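Only one structure is covered here, and it is reproduced in the block below.
Every number here is computed from the coordinates shown, using simple stated rules; none is lab data. Because the structure is a prediction, the values reported are computed rather than measured. Neighbour counts are summed over all protein chains in view; Cβ atoms, including those assigned to glycine, are modelled from backbone coordinates with ideal geometry.
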Amino acid sequence: MRRLSTKSDDPLIGLDYKSLGRMFSGLAQTGAWSCFDEFNRIEVEVLSVVAQQILCILTAVTESKSRFLFEGKEIRLDRTCGIFVTMNPGYAGRSELPENLKALLRPMSMMAPDISLIIEIMLYAEGFTTSKSLAKKMTTLYHLMMQQLSKQDHYDFGLRSVKSVLNQAGEARAVKRRCAHLTQRRSSIRRVPSSGRTPRWRRTSSCSAQSAT
């Protein structure tokens, strides 16, 4: 489930515990798996209630119950259900997970992505034929900026900023190709009149016509 909350000029607008409770109820009854992306963007007050909801489901699964009481209603339980979350700690607008919620979630380590390979593939997708050499240059540039520039909040050299730069490069390339195509088309249109002969009145024909009258 992508983007559980969004940022606006108002305070952080996100899902409340009732909306999340309905999701958890559906997962528990159907046995489905769900991954909540950027889970720590939810407000801390809501996360505290969410911890109790998840604990209720996990307790019922541990006790091998077929039905259990959830949010004041008795619902059936499919023990194959699964709840997964992702989070980006340290980013602006993110909350720290409460300790009671951390205790319910099993942490998983993630490998650092190969940024050079990601850049190369995205450049290929944008239509760049020399994406391999361009990816090496861009990776070197990003690593140098991360090492040489000072630590500032407005500096972001993560995959999100890399993707934004590559998308802009693809758009610029598409605009350049369209402009080149229009320029070639206009030049071909200009050559059409110059290649043909312009019609002219023949003075002899008009004279002969007057003499005939």
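Looking for something over 25 Å from the mean Cα position of the chain (by Cα), exposed (fewer than 15 other Cβ atoms within 10 Å of the Cβ) and charged (D, E, K, R) - is there at least one such residue anywhere in the stretch 103-113? Yes: the stretch 103-113 contains one or more residues that are over 25 Å from the mean Cα position of the chain (by Cα), exposed (fewer than 15 other Cβ atoms within 10 Å of the Cβ) and charged (D, E, K, R).
Residue-wise test of (1) in contact (Cβ under 8 Å) with a residue 40 or more places away in the chain; (2) under 16 Å from G158 (Cα atoms).
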residue: V44; (1), (2): yes, no
residue: A60; (1), (2): no, no
residue: R79; (1), (2): yes, no
residue: E96; (1), (2): yes, no
residue: R106; (1), (2): no, no
residue: P113; (1), (2): yes, yes
residue: K137; (1), (2): no, no
residue: L141; (1), (2): no, yes
